[in-house]
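One structure is given here, and the rest of the page talks about it.
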Amino acid sequence: MEEHNYDTDATWKEVLLTDEGKVYIGVYVALMVLAASKFILFEAGIGYWGLFTGLMVMAAAKTALIVAYFQHLRWEPRILTYLYATSLFAVLLLMAAASYSIT
Amino acid sequence: MTETADSTDAHGSGGDDHGDDHDHLPGKYTVKRWLVTTNHKDIGILYILTSLFFFVFGGVLALLIRMQLWTPGEGLLSGFAYGQSVTAHGLLMVFFFLSPVAVGLANYIVPLQIGADDLAFPRLNALSYWLYLAAGGLFAVSFFQGGSFEGGWTLYAPLSVPTFTPEVGATSVMLALGMFVISVTLGSVNFLTTIHTMKADGMGLWNMPMFTWTVLLTIWMMLFAFAALLAAVYLLAADRIIASQYFLAEEGGSLLWGHLFWFFGHPEVYIVFFPALGVMLETFQTFSGRRLVGRKWVIIAMVLIAVQSFLVWMHHMFLTTINLEIKTIMMATTIAISLPFDLLVFAMIYTLVKGKVRFNTPFLFNLGALVLFIIGGITGVFLGAIVLDYEFRGTYWVVAHFHYVMVAGATALFGGLYYWYPKITGRMYDEFLGRLHFILYFIGFNAVYFSQFAVWEMPRRVFEYSTGLTLWNQIGTVGGFVLGASMFIMFYNFAKSLKTGPQVDGNPWKYSRTAEWSIPSPPPLENWTGVPSYESGKLEYVDRSPDGGHEEAHADHASIWPVLIAASTFVFFLGLSGISDVGPTGFEGVNTGYAAITGLGALALLGSAAGLGNERFLAPEQPYGMKWPFDGIEKTKLGTWFFLYSDVVVFGAVISAFIFIRIHMGWGEYETVGPNSMSGLLPEAMALPGLINTFVLVTSSFTIILALVFAKHQHKKGMLASMTATWVLGLTFMVVKYFEWAEKFDAGQGPSYAIEYSVYFVTTGLHGVHVVLGLLVLAFLIFKGYTGSYMKDHRAIENFGLYWHFVDIVWVFLFPLFYLL
Ligand code: HEM
Ligand SMILES: [Cu+2]
């Protein structure tokens with residue numbers, strides 16, 4: 001646990017508007033906007049694979065926000081992020097190699 | 001008060017024999033002690049004894065097999081009984097004996113080798129053990145549910161689906177494996193956290209003893225590999241219980257199973273071998289009086305092997321229809337992985353050549369193991385060549401190969417039991433009986449397994465063979481009985497020596513160097529009298545607490561909840577095994593008797609889990625040691641992360657199954673199931689429930705992080721309000737889900753309707769299960785928060801949040817993949 005000194009008499013509003021609170025609110029807004037704006041892609045006329053790519057990029061962006069801020073890996077030792085990436089890599093390998101094997 | 005113990009001549013400076021049976025634990029000769037203990041040494045003993053029980057169980061099955069093979073034709077067993085024997089023998093030996101006996105040694109020895117008081121999470125450790133035992137119990141029950149599984153330990157599809165193996169017992173086997181994997185996952189999280197954060201001050205990764213090194217690498221492989229197995233078993237259980245079609249459908253089927261199983265399976269063969277390797281490395285040093293030659297390179301080679309083990313799995317699929325390019329790649333990686341193994345073998349041989357060897361029993365077993373392993377490894381390289389494997393696949397050559405390597409592992413571990421027997425019991429085993437055991441064992445081993453090379457043309461798992469092979473098979477049968485009988489010499493030796501063996505002090509071996517030998521045998525409950533430290537370059541006990549007392553004097557060692565949780569889980573899974581009647585034609589109804597058992601188990605599980613959560617329990621801490629690269633990460637948070645990494649693999653493997661099936665079918669042919677997907681590339685009311693749920697879940701992620709912020713400011717109302725909001729949002733998610741699913745069921749489109757529906761239900765179902773589990777935990781946290789927790793210590797909220805955000809992330813991908821594309 002961080003050795004922070006938190007204001008323990010803060011009101012609701014004060015807690016929400018601390019620097020930390022503001023960051024989370026900002027991330028939340030960004031996530032909602034990203035989720036809603038998926039549908040713009042459908043109007044963009046980029047075809048199935050364009051849509052596929054677009055949606056996956058958006059999902060990756062949302063994931064990055066959640067991981068960096070809500071799971072606060074941004075402020076943690078890098079090793080936690082690397083290992084997250086390693087497990088992701090392991091399954092992507094399984095996915096890619098298994099799929100490739102039947103082509 | 002600074003006692004020193006020279007680590008090379010380690011004579012018991014662990015101090016007075018205080019607290020062998022501390023006031024925190026009932027005495028050693030009471031049943032209660034063994035039900036409530038959370039001490040790593042007790043759990044280690046429980047693991048070892050239980051695994052030996054399963055060894056005998058699996059061994060009896062092996063002898064049944066060998067008796068059947070005495071004659072070329074029909075014999076003692078029916079075809080069904082033979083199939084069950086072969087299958088159960090394999091599963092029990094690999095999962096319920098070989099790994100657990102190593103885990104037992106690791107439990108006992110690793111904390112001692114690294115200077116820790118216990119594992120990082122002692123109650124979790126007890127839970128791992130009890131879940132393992134309960135899983136074995138469920139396996140045993142399977143024989144009485146219309147028959148156990150008969151399709152081989154590899155559970156190859158489609159034999160593993162109800163169309164071909166309709167017995168309830170077969171489902172129990174899958175669920176028993178699932179339970180076992182849960183046990184393994186908890187154990188992995190625990191050992192990783194322990195080894196990475198609880199080493200004595202001054203001990204870095206490089207200085208760790210070799211056994212601890214091999215265990216560490218084993219556990220890392222386990223964390224990822226077993227997660228893939230969990231996913232595979234989850235899909236298989238779904239096929240068997242809710243009649244999904246993963247392994248019956250052509251698009252999934254045997255190839256999909258092959259990939260999922262062997263992605264786990266190849267690392268698994270090193271998982272069972274590595275701890276044995278660790279024992280070899282320890283004993284070779286101790287009994288040759290020489291430090292391991294090329295220690296650094298040995299460690300690097302082992303790390304390489306652990307990584308490479310995930311890159312070769314398709315050498316088990318050379319005879320399937322996967323393409324030649326990938327087969328060739330896998331052949332190359334397979335050959336590449338034998339290179340670091342060569343290095344290990346040479347390092348071991350060199351160490352022995354340079355040292356002065358003493359042929360005590362532990363050494364004999366490990367030397368034998370090395371010889372056997374070399375034979376097994378060489379025959380494996382044959383199998384790694386595609387062209388040769390066309391001949392060998394599915395024959396006794398394979399059987400002989402993997403018995404030489406795997407049972408070589410067991411051989412080293414038996415050596416380990418002899419090696420640490422004096423440490424664990426305080427008495428020396430009988431050396432003559434030990435050597436006799438080895439001689440008979442080695443003869444029996446080679447008779448039974450070498451004869452399998454001789455009959456290499458025989459197809460495996462079939463009991464009829466051509467009459468010309470009778471003699472070799474009979475040699476094998478005789479060898480099997482010799483091997484089996486030799487084990488009783490060990491059991492007798494250990495039982496007898498417990499009473500009459502000469503007493504030993506801390507260290508009976510002249511050249512042992514590791515820390516477990518520096519304390520009395522058996523070690524006192526709390527292991528150390530001071531705080532062990534390597535700061536000065538050798539093991540010392542330093543005094544850090546202000547009043548000179550023992551720092552962890554008040555650590556707890558007893559909890560009844562782990563055994564109760566495991567018992568409840570057993571009941572729950574037993575109920576699941578027969579809850580639905582799935583016949584050759586699919587889902588045929590719910591079995592109310594089994595449903596009642598499931599419900600009962602679920603209730604008991606809730607109760608016992610809450611009991612554990614409510615209990616005050618002080619686990620040991622290690623504030624000083626070297627934790628690189630995990631410095632500064634609090635241990636429960638680190639444990640949560642380790643768990644999440646494995647969960648990434650579980651979900652990833654399930655999603656991989658989906659991608660595989662979709663590609664196999666033809667990407668465009670696949671009809672996305674999500675609501676209104678029929679509306680094509682656009683639309684109005686498109687995928688509305690999925691979209692709503694996306695907003696709901698993202699919002700719940702936001703509220704749970706707010707709960708943490710409020711908790712940090714000790715703003716109780718804000719914290720409770722945010723947690724409650726999260727809970728309500730999670731519930732909303734599940735309600736929407738319910739309507740979405742119900743609509744499909746009403747339309748007659750259940751999991752067996754089409755492969756797309758199987759994939760849709762089973763994948764979103766796994767996510768739903770995660771949400772429900774999260775809601776249960778969160779309800780408990782809200783209750784605790786309400787009654788005053790988390791104002792000072794908000795770790796639980798933070799860790800829960802990490803999990804909840806992860807579940808959110810999974811949805812971020814499931815939504816487009818299952819509803820939009
Ligand atoms: C040293 C290098 C090794 C190589 C190159 C190798 C190669 C192979 C190959 C290619 C197969 C597949 C044969 C087939 O099914 O046709 C195989 C099977 C097997 N190997 Fe190895 N292996 C090695 C070491 C090990 C070790 C160390 C273990 C365990 C301790 C092991 C355990 C197994 C098992 C259990 C199977 C059979 C799986 C089944 O039931 O089908 N192998 N090996
Ligand atoms: Cu393999």
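The values are calculated or read from the model by the stated rules, or taken from the named source; none is laboratory data. Since this is a predicted model, take the numbers as computed values, not measurements. Virtual Cβ from ideal backbone geometry, glycine too; neighbours counted across all protein chains shown. Just the protein is used for accessible areas: all its heavy atoms, side chains included, with ligands, DNA and RNA removed. Shrake-Rupley method; radii C 1.70, N 1.55, O 1.52, S 1.80 Å.
Observations, loosely collected:
- From the options B:577, B:646, residue that is more than 14 Å from chain A (Cβ to nearest Cβ), polar (S, T, N, Q) and in contact (Cβ under 8 Å) with a residue 40 or more places away in the chain: B:577
- Any chance residue B:678 is over 30 Å from residue B:185 (Cα atoms) and either buried (at least 23 other Cβ atoms within 10 Å of the Cβ) or at pLDDT below 95 (or both): yes
- From the options A:26, A:45, residue that is assigned to a helix (DSSP H, G or I) and more than 9 Å from every other protein chain (Cβ to nearest Cβ): A:26
- Residue within the stretch B:352-362 that is within 12 Å of ligand 1 (Cβ to nearest atom), open to solvent by 50 Å² or more (accessible area, probe 1.4 Å), in a helix (DSSP H, G or I) and more than 14 Å from chain A (Cβ to nearest Cβ) present: no
- Test: residue in the stretch B:169-191 that is in contact with a Gly (Cβ under 9 Å, 6 or more places away or on another chain), within 14 Å of chain A (Cβ to nearest Cβ), closer than 26 Å to residue B:270 by Cβ and part of a helix (DSSP H, G or I): yes
- Looking only at the stretch B:248-265, and only at residues there that are open to solvent by less than 10 Å² (accessible area, probe 1.4 Å) and in contact with a helix residue (DSSP H, G or I) (Cβ under 6 Å, 6 or more places away or on another chain), the one that is farthest from ligand 2 (Cβ to nearest atom): B:252
- Failed item, numbered, when residue B:400 is tested on (1) away from ligand 1 (no atom under 12 Å from the Cβ); (2) out of contact with any Gly (no Cβ under 8 Å at 6 or more places or on another chain); (3) among the hydrophobic types (A, V, I, L, M, F, W, C): (1)
- Hits in the stretch B:786-820 (condition: of a type in the set (Ser, Thr, Tyr) and within 23 Å of residue B:654 (Cα to Cα)): B:803, B:819
- Condition broken by residue B:388, with the remaining ones in (1) away from chain A (no Cβ under 14 Å); (2) more than 10 Å from ligand 1 (Cβ to nearest atom); (3) in a helix (DSSP H, G or I); (4) open to solvent by 20 Å² or more (accessible area, probe 1.4 Å) satisfied: (2)
- Taking the criterion of being in a loop (DSSP other than H, G, I, E, B) and surrounded by 14 or more Cβ atoms within 10 Å (Cβ to Cβ), the residues of the stretch B:320-339 that qualify are B:320, B:322.
- Residue match in the stretch B:478-488 (condition: farther than 22 Å from residue B:82 by Cα and not in a helix (DSSP H, G or I)): no
- Evaluation of residue B:774 against the conditions (1) open to solvent by 30 Å² or more (accessible area, probe 1.4 Å); (2) under 24 Å from residue A:25 (Cβ atoms); (3) more than 14 Å from chain A (Cβ to nearest Cβ) shows that the sole unmet condition is (1).
- Pairs, first under 20 Å from residue B:409 (Cα atoms) and more than 14 Å from chain A (Cβ to nearest Cβ) in the stretch B:82-99, second among the aliphatic types (A, V, I, L, M) and within 16 Å of ligand 2 (Cβ to nearest atom), C-beta under 6 Å, six or more apart: B:98/B:272; B:99/B:272
- Lone qualifier among A:84, A:69, A:100 - being under 30 Å from residue B:323 (Cα atoms) and either in the same structural domain as residue A:29 (by TED's automatic domain parsing) or hydroxyl-bearing (Ser, Thr, Tyr) (or both): A:100
- Filter result for residue B:316 (within 11 Å of another protein chain (Cβ to nearest Cβ) and closer than 30 Å to residue B:343 by Cα): no
- Within the stretch B:391-409, considering residues that are within 15 Å of ligand 2 (Cβ to nearest atom) and of a type in the set (Val, Ile, Thr), the one nearest to the other protein chains (Cβ to nearest Cβ): B:398
- Within the stretch B:627-670, tally of residues that are under 18 Å from the mean Cα position of the chain (by Cα) and open to solvent by 40 Å² or more (accessible area, probe 1.4 Å): 1
- Of all residues in the stretch B:263-299, those being among the hydrophobic types (A, V, I, L, M, F, W, C) and within 13 Å of ligand 1 (Cβ to nearest atom) number 9.
For every residue, the table says whether it meets (1) modelled with pLDDT under 95; (2) farther than 24 Å from residue B:218 by Cα; (3) touching a Lys or Arg at 6+ places or on another chain (Cβ under 8 Å); (4) within 16 Å of ligand 1 (Cβ to nearest atom).
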position: B:153; (1), (2), (3), (4): no, no, no, yes
position: B:158; (1), (2), (3), (4): yes, yes, no, no
position: B:178; (1), (2), (3), (4): no, no, no, no
position: B:181; (1), (2), (3), (4): no, no, no, no
position: B:187; (1), (2), (3), (4): no, no, no, no
position: B:196; (1), (2), (3), (4): no, no, yes, no
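- Applying a threshold of 8 Å to beta carbon distances and a minimum spacing of six or more residues, or different chains, the list of pairs starting in the stretch B:375-387 at a residue that is away from ligand 2 (no atom under 14 Å from the Cβ) and ending at one that is open to solvent by less than 20 Å² (accessible area, probe 1.4 Å) and not in a loop (DSSP other than H, G, I, E, B) reads B:375/B:404.
- All positions within the stretch B:300-319 that are surrounded by fewer than 16 Cβ atoms within 10 Å (Cβ to Cβ) and within 13 Å of ligand 1 (Cβ to nearest atom): B:319
- Residues satisfying the stated conditions in the stretch B:279-337, i.e. within 14 Å of ligand 2 (Cβ to nearest atom), closer than 30 Å to residue B:511 by Cα and touching a Gly at 6+ places or on another chain (Cβ under 8 Å): none
Every residue, every condition in (1) within 11 Å of the chain's Cα centre (by Cα); (2) open to solvent by less than 10 Å² (accessible area, probe 1.4 Å); (3) in contact (Cβ under 8 Å) with a residue 60 or more places away in the chain, yes or no:
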position: A:37; (1), (2), (3): no, no, no
position: A:51; (1), (2), (3): no, yes, no
position: A:66; (1), (2), (3): yes, yes, no
position: A:70; (1), (2), (3): yes, yes, no
position: A:81; (1), (2), (3): no, no, no
position: A:98; (1), (2), (3): no, yes, no
position: A:102; (1), (2), (3): no, no, no
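- Residues of the stretch A:50-66 satisfying the condition of being more than 30 Å from residue B:327 (Cβ to Cβ) and of a type outside the set (A, V, I, L, M): A:50, A:53, A:54, A:62, A:63
- Residue count for the stretch B:778-810 under the criterion of being part of a helix (DSSP H, G or I) and more than 10 Å from chain A (Cβ to nearest Cβ): the result is 14.
- The listed residue being touching a strand residue (DSSP E or B) at 6+ places or on another chain (Cβ under 9 Å) and of a type outside the set (Lys, Arg), out of B:722, B:752: B:752
- Qualifying residue in the stretch B:416-423 (condition: closer than 20 Å to residue B:284 by Cβ, open to solvent by less than 30 Å² (accessible area, probe 1.4 Å), assigned to a helix (DSSP H, G or I) and within 11 Å of ligand 1 (Cβ to nearest atom)): no
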